[in-house]
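Following this message is one structure expressed as structure tokens.
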Amino acid sequence: MYRHIMFPSEQELQRYIRTSAPAHSYHSSAYYKDPTGDMSSKGWLGADLVFDIDADHFDVPCQKIHDKWSCRNCDQEGRGKPPEICECGKAQFDTETWLCEECLQAAKHEAQKLLDILIQDFGIEPENLLTNFSGHRGYHVHARSDSVKNLGQNSRREIVDYIMATGLEARFQGFNQQRRGARPTITEGGWRGRTLRALYDYLTQASEEDILALNLGEKATENITSKKNKILKTLMEKHPSNIIPLIDSTSLEKILQEALELQASEIDTVVTTDIHRLIRLTGTLHGKTGWQVQSIPYGALPDYDPLRNAIVIKGGLVRLEFKWAPKIRIIDEVYGPYEDEIAELPLEAALFFLAKKGARVID
Ligand SMILES: [Zn+2]
Ligand SMILES: [Zn+2]
């Protein structure tokens, strides 16, 4: 790790990267009077508000296909995330985590929700938001407006809680019959409108099994099944607290727990609260994939395809010996799964399996 370095110009930085060819390149999210000093003498001037979305942090079904764990103490092994404690009583595991189209899509969805909240609720102008593909399993969003640079850790923590809908209670979002207040509408900004949309979307999409799994009150379960249209109509046209006679408050909080997860964004809390965070440098390659950390222009995220755009090194065939690797699409071809075999792959695919340590080059 080479840290606490600065460059007088972009050309100097590029020359440094070309000569040293680091596997990973990061820059600080903070601004300093003297970036080369030790931490106490740098003189902190402020920091971008950064968000990290990594598919490794959420549960996606595809992890059961492409992630593996094995116990360091016994011969237990399995797919997906390791258990909290192994059958042998120890909790030390070796893990092998991969990625696929599905988890990258899930990460993109979280990033889009985050951008919506930052723009709609925090009023951050799109031109002050930098959205990057991380080069691996997710996305980074950097908010760079002057209004966020001086925020301390506690303020950043509040923003995290807001974005993740931590501790949000329905009764404070317009679902209180005794203290009604103004009627929230489905298009309203902030969590009042978003809570309403969350509930509306959830009730529209939830299957009967989903509802039963929530273990709601008997009457609430019955009403959601038999009077769904009435409930949805009430949410759209009347004060939403009018649904309380049909769905009791306790049941409503349970539904909202589920529904809000669909609207909140799964960000890494540690990254955002850190005021001197190191974050990947735009344009560099990620050492675990060989893919490029790329900026995505505002509005282009929905159509952004990391498995096409971020693959910048391409070339002729490379002979690889595989230990194990799950399947993945690279540009237009699907490769794998591979197990104890030899295969000849174009460089754009070979580089990925090499960087992920699933294969080695042979002559
Ligand atoms: Zn074990
Ligand atoms: Zn996946």
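The values are calculated or read from the model by the stated rules, or taken from the named source; none is laboratory data. Computed from a predicted model, the values in this text were never measured in an experiment. We place every Cβ from the backbone using ideal geometry, glycine too, and count neighbours over all the protein chains shown. In case anyone asks, the SASA skips ligands and DNA or RNA and just uses the protein heavy atoms, side chains included. Shrake-Rupley method; radii C 1.70, N 1.55, O 1.52, S 1.80 Å.
Within region 93-108, track down each residue that is open to solvent by 40 Å² or more (accessible area, probe 1.4 Å) and in contact with a Ser or Thr (Cβ under 9 Å, 6 or more places away or on another chain).
ASP94, THR95, GLU96, listed by residue number.
Just to check your reading of the model, which residue among ILE159, ILE117 is in contact (Cβ under 8 Å) with a residue 40 or more places away in the chain, among the β-branched types (Val, Ile, Thr) and more than 25 Å from TYR32 (Cβ to Cβ)?
Answer to the selection: ILE117.
Still on this structure, please answer the following. So which of ALA107, ALA143 ends up being within 16 Å of ligand 2 (Cβ to nearest atom), out of contact with any Lys or Arg (no Cβ under 6 Å at 6 or more places or on another chain), of a type outside the set (Lys, Arg) and at pLDDT 95 or above?
Answer to the selection: ALA107.
GLU253 fails exactly one of the following numbered conditions: (1) surrounded by fewer than 21 Cβ atoms within 10 Å (Cβ to Cβ); (2) not in a helix (DSSP H, G or I); (3) not aliphatic (A, V, I, L, M). What is the number of that condition?
(2)
Next up: I need every pair where a residue in region 336-363 that is part of a helix (DSSP H, G or I) has its Cβ under 6 Å from the Cβ of a residue that is aromatic (Phe, Trp, Tyr), sequence separation at least 6 or different chains.
ALA349/TYR335
Looking for whichever is under 30 Å from THR225 (Cβ atoms), open to solvent by less than 30 Å² (accessible area, probe 1.4 Å) and touching a helix residue (DSSP H, G or I) at 6+ places or on another chain (Cβ under 7 Å) here; the options are ALA325, ALA264. Which one fits?
ALA264
Does GLN112 qualify as being surrounded by fewer than 18 Cβ atoms within 10 Å (Cβ to Cβ), within 16 Å of ligand 1 (Cβ to nearest atom) and at pLDDT 95 or above?
Spelling it out, it is not the case that GLN112 is surrounded by fewer than 18 Cβ atoms within 10 Å (Cβ to Cβ), within 16 Å of ligand 1 (Cβ to nearest atom) and at pLDDT 95 or above.
Is it the case, given these coordinates, that LYS149 is more than 13 Å from ASP305 (Cα to Cα), away from ligand 1 (no atom under 16 Å from the Cβ), in contact (Cβ under 8 Å) with a residue 60 or more places away in the chain and of a type outside the set (A, V, I, L, M)?
Yes.
Conditions first: (1) within 11 Å of ligand 1 (Cβ to nearest atom); (2) in a loop (DSSP other than H, G, I, E, B); (3) surrounded by 15 or more Cβ atoms within 10 Å (Cβ to Cβ); (4) of a type outside the set (Ser, Thr, Tyr). LYS90 passes all but one, so which condition is the exception?
(3)
A further question follows. Considering only region 24-82, state which residues are within 16 Å of ligand 1 (Cβ to nearest atom) and either acidic (Asp, Glu) or assigned to a helix (DSSP H, G or I) (or both).
Matches in region 24-82: ASP75, GLU77.
Filter region 287-310 down to the residues that are assigned to a loop (DSSP other than H, G, I, E, B) and of a type in the set (A, V, I, L, M), then identify the one that is most open to solvent (accessible area, probe 1.4 Å).
ALA300
Next question. When both residues are 6+ apart or on different chains and their Cβ atoms are under 8 Å apart, which pairs have a first residue that lies in region 53-67 and is within 23 Å of MET164 (Cα to Cα), and a second that is more than 16 Å from ligand 1 (Cβ to nearest atom) and of a type in the set (Val, Ile, Thr)?
Pairs that qualify, where the first residue is within 23 Å of MET164 (Cα to Cα) and the partner is more than 16 Å from ligand 1 (Cβ to nearest atom) and of a type in the set (Val, Ile, Thr), are ILE53/VAL141; ILE53/ILE267; ASP56/THR97; GLN63/THR97.
Continuing with this model, one more query. What number of residues in region 167-190 are of a type outside the set (Gly, Ala, Ser), in contact (Cβ under 8 Å) with a residue 60 or more places away in the chain and farther than 13 Å from HIS239 by Cα?
Residues in region 167-190 being of a type outside the set (Gly, Ala, Ser), in contact (Cβ under 8 Å) with a residue 60 or more places away in the chain and farther than 13 Å from HIS239 by Cα: 2 in total.
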